[in-house]
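The next block holds one structure in the form of structure tokens; read it before the comments.
Just so it is clear, none of the values below were taken in a lab; they were calculated from the coordinates. None of these values were measured; they are calculated from a predicted model. Counting neighbours? That spans all protein chains shown, and the Cβs are built from the backbone with ideal geometry, glycine included.
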Amino acid sequence: MVRAVNPSDHTLPNTLNDPNAVHLVVLTGMSGGGKTVALRALEDLEFYCVDNLPSGLLPQLVQSVRREDGGRRARRIAVGVDVRNRGEDFEHMPLVLSELAGAGVHVHLVFLDCRDEVLIKRYSETRRRHPLALRGVSLADAIAEERRLLRPLIAIAEKVIDSSDLNVHQLRRLIATGYAAATEGLTLMFQSFAFRRGLPLDSDFVFDARCLPNPHWQPKLRPLSGKDAPVREFLEADPLVGEYFTDTARWLDAWLPRFEQDDRSYVTISIGCTGGRHRSVYLVERLAAHYRARREGVLTFHRELE
């Protein structure tokens, strides 16, 4: 079912190549290690995702999803498990996963690890509180206690990913590319960014939206983003924006099939504007919706919003 692997190896399991099998990906690991990012990446790949589910409810979840959804999502489920769960959950998890595997479910346990000093730095930068720090212990002691509680899971993990030296973009891409086999065809990542903060280094294509009208100069729109209705309405009122979208989609329609023919499994399309909040975000969301209506495996990421 599951096996321990080298945590320095960032490749992911290639056991998702059977499109008719039921796959359950269990994401666990250290708080601050990137579980939320990984779960979001799988959700973008149209996995049925649930966070912080008790281990005893996993069999019911699999049965419920398969009963209520007869499509592909019923065969691709992802669950997040962390120290917010009850302590006994970690002791029972190996048995629950083994029983699911015996019932024909393909179980993938992925553990997201991170060095202690990096976790402490991440918590200090975001000012978040560690879940176990609520018990009145120091951050270092909370991390040590978390490692102790999660020991039964890391021992049986199919994959251990050390996210210490990965940024959010790299981790999301790692998860998406590793599980792109669960989708049909090419996986697309649309990401927005601000030119003033530099180009995303993982881009395959970069489009410049700075020629479009800028909502930033509208006081009521400035605090919003391209996801908000007032910003969308402002941009869609200008014919130039529609023309830009149409030309970009037409160009991608013409060239993406060439990448599929070349056996590429993942392509990143980056769209930038000055601040990375309005025009680029709007175009990323609109292009993603356009392609999700026609294919699986479409992800979005907004660098300046996350």
>> Explain nothing, just the number: dipole magnitude of the range 169-297 about its Cα centre with +1 on each Lys and Arg Cβ and -1 on each Asp and Glu Cβ, in debye rounded to the nearest 20.
In response: 540 debye
>> Which three extents, in angstrom, do the Cα atoms of the chain have along their principal axes, listed largest first?
In response: 59, 46, 34
>> Please report Rg (one decimal) and Dmax (integer) in Å for the Cα set of the range 227-274.
In response: 14.3, 41
>> Rounded to the nearest 20 debye, what is the charge dipole size of the chain about its Cα centre when +1 sits on each Lys and Arg Cβ and -1 on each Asp and Glu Cβ?
In response: 660 debye
> How high is the FRET efficiency from LYS220 to ARG128, r the C-beta distance, R0 41 Å, rounded to 0.05?
Replying inline: 0.85
>> Along the charge dipole of the chain, pointing to its positive end and built from +1/-1 on Cβ of Lys, Arg, Asp and Glu, which listed residue (ILE271, VAL96, LEU45) has its Cα farthest out?
In response: ILE271
>> Cα atoms only: what Rg and Dmax, in Å, come out for the range 23-182?
In response: 15.6, 47
>> Using the basic label-point model (7 angstrom from Cα toward the beta carbon), what is the GLU91 to LYS227 distance in nanometres?
In response: 4.0 nm
>> Over all directions, how big on average is the projection of the convex hull of the alpha-carbon atoms in the range 200-258, in square nanometres?
In response: 5.2 nm²
>> Under 27 Å between alpha carbons, and skipping anything fewer than 8 positions from LYS159 in its own chain: which lysines qualify?
In response: LYS35, LYS121
> Expressed in nm to one decimal, what extension gain is obtained for the pair VAL118 and ARG66 from 0.36 nm per residue of sequence separation less their Cα-Cα distance?
Replying inline: 14.8 nm
